Every structure is written in C-alpha cells, then in structure tokens.
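Report on the structure given below.
Where a number appears in this text, it was derived from the coordinates with a stated rule and is not lab data. Bear in mind the structure is a predicted one, so any value in this text is a computation, not a measurement. No Cβ is skipped: glycine too gets one built from the backbone with ideal geometry, and neighbour counts run over all protein chains shown.
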Amino acid sequence: MKINLRGHHLLCLQGFQGYGYDENFIKNMEIINEKRKSEGSIIQLSDSADDICRYCPNLENNLCQNEKNDSKIKKMDYEILSKLNKNNEYNGPELFKEVSKIFNTLESVENICSECKWHKECLFYLKLK
C-alpha cells in the first residue's frame, strides 16, 4: 500500500496520540499511522497536501486556506525534506527509523516543532525534552 506524506507528518505520526482538528481527521490519522508501520507500506514524500491533509478542515482545492499555518507548514516540510531524497519511495518502517536517527535531539527539531500547535501534546517532541 502506498502512502503520500509531506515532510512534517514524518514527525507528527511518531508523536500522534489522538489529537486533531475533528473526528474525521483523527480517524484518518489513526489509519495512516497504522498503515505506515506495516512492512508492505511504501511512502512517497511530498511538500504539498498529502493523505493526511485530505481530512483537514482547512484544505480547499488542495491548498491550506489558513495562510499563517500554511507558511509554518511549508517551513516545517522544507526542514525535514532537505534531509531526505524527496524523489525516492521508501519502505515505511525503514523510513521512520531513518527519520528517528536524523531527528533525535531537541535541537534537531526546534525549528520544526516549536511553532506547532500540537507540540505540547506530541509524544515525539516530548521524548526529546
């Protein structure tokens, strides 16, 4: 199964614990979080709306309608994708192991996570504190 993920979601999925914009978004996030752990999962990286964004109430015509958030999100994506080859397809579990090795200190995620509205609840971010 192929999953399309933008950069910042590679961290979000690792810290996800049931928070989200609404029930549909949360359910979709839970499904994708389980799929990405499967040995047969293939991840295609993206710097735009992905399989998680599809359920975001701010997404319209494949664009985030919250300009302030959109700017932050693009910055987060860039910080993560600059450390990976966006053109590759990845085995899900292997990609997340690689991401965990790259982003393994608070300093490595400070420019990415510090402005996220979920960082106070995010298990990925909290384990680095």
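Listed values, structure above:
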read-out: Under the Debye formula (equal points on every Cα, no solvent term), log10 I(q)/I(0) of the chain at q = 0.10, 0.11, 0.18, 0.21 Å⁻¹; value: -0.28, -0.34, -1.00, -1.44
read-out: Subset of Lys35/Lys74; Lys37/Lys74; Lys37/Lys86 violating a 22 Å alpha-carbon distance limit; value: Lys35/Lys74; Lys37/Lys74
read-out: Positive-end extreme of charge dipole, segment 2-128 - chosen from Leu123, Tyr78, Ser46 (charges on Cβ); value: Leu123
read-out: From the C-alpha gyration tensor of segment 5-64, square roots of 5λ in Å; value: 18, 15, 10
read-out: Charged-residue dipole, Cβ positions (Lys, Arg, Asp, Glu), the chain about Cα centre, Debye nearest 20; value: 240 debye
